[in-house]
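Here, each number is a calculation from the coordinates, and none is a lab measurement. None of these values were measured; they are calculated from a predicted model. Neighbour counts are summed over all protein chains in view; Cβ atoms, including those assigned to glycine, are modelled from backbone coordinates with ideal geometry.
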């Protein structure tokens, strides 16, 4: 056999071996979460001929949004169309496999990890990537869930352009809302602020809001009136029980967040003060062999950033695997 034929034969044997993943077998890399960051990492790894297993529960964070924005080349495209096309392209790589299942636990067991799913199956991996996203804890306001991702939104960069100049309000529940209020003035002059849950701005913040001619409304929000998720008005009630209503096109909400899949106790990774998984630029967590990418490890919640962090984590995982197998000599 010629050297070139031997090389091709060896590569094909490797690919076929890695493709034949079945339940309870090992993969070089398991990715929990098959949305944008997870698929982006898997593509980088698939193109590096790594065996990859994605375990996906099928609930991407942006499934409520009708259109994706601020994503070059796909601006205005429904996110699930982007998702479907990405998955189609990803599955062209024979070493990548996707399983529809829900992970319930994962543990670090030398030399890698064991992942347990709701279907009572387990998978072993040398490296584990968490691309699990976040969950938003929305205030219990009637109508808010129906408007979420449509006209009740969290990010002006993702959706603010579509509401430019419109009647805009922000729901403030902490002093962290002040920076968002200032930011929103870039998109509209018709801006109001609601304070809820007993929160009130201090004097310095109120002086700033007054200087910017931004009214602060302390009446309680009773409900959001909408048509198929598109806001029409907010129904209010003051301390004396008097009802009022206010026309509104868009409501910005800064909800509390939590990890969609909380594995901190079993895996031991560190969280930031804001509740994100602590990682470096390559997606390394504080646990050897454990990585994170996407919303779960960043304040930037956008498709473009998720894709970028996923690709970076995938490349870094391959880089680490290469260096473990073929460590370079010290040439200094």
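Here are some notes:
- Spin-label pair residue 154/residue 75, simplified geometry with 7 Å Cα→Cβ offset, distance in nm: 2.4
- Spin-label zone in the stretch 113-140 - amide nitrogen under 12 Å from a point set 7 Å from the Cα of residue 107 along the C-beta vector: 113-116
- On Cα atoms only, tilt of 36-47 relative to the major axis of the chain in degrees: 20
- When both bridge partners sit in the chain, DSSP labels roughly 45% of those beta bridges antiparallel.
- Potential extension, residue 99-residue 225 segment - 0.36 nm per residue separation minus Cα distance: 41.4 nm
- With the highest mean first, a sort of the peptides 293-304, 208-219, 58-69, 172-183 on other beta-carbon atoms found within 10 angstrom per residue produces 293-304, 58-69, 172-183, 208-219.
- Taking Cα atoms only, the orientation of helix 3-19 departs from the longest principal axis of the chain by about 50 degrees.
- Gained length - residue 87 relative to residue 266, 0.36 nm times residue gap less alpha-carbon distance: 61.5 nm
- Beta bridges per DSSP with both ends in the stretch 139-253, % antiparallel, nearest 5: 45
- The stretch 256-332 versus the stretch 186-251: alpha-carbon centroid distance in Å: 38
- Anisotropy class of the stretch 17-147 from Cα gyration tensor, a/c 1.5 cut: oblate
- The stretch 139-253 shape via C-alpha gyration tensor axes, a/c threshold 1.5: oblate
- Alpha-carbon centroid distance for the pair the stretch 116-153 / the stretch 36-101, whole angstrom: 15
- Label assignment, semi-axes √(5λ) of the Cα gyration tensor in Å derived from the structure, set (i) 37, 23, 18; (ii) 45, 20, 18; (iii) 33, 22, 19: (ii)
- For the stretch 55-198, averaging the sequence separation of C-alpha pairs within contact (under 8 Å, six or more residues apart) and dividing by the residue count gives a relative contact order of 19 percent.
- Helices in the chain, meaning DSSP H runs of at least 4 residues, each add -39500 (n - 2.57). Divided by all residues, the mean residue ellipticity at 222 nm is -8500 deg cm²/dmol.
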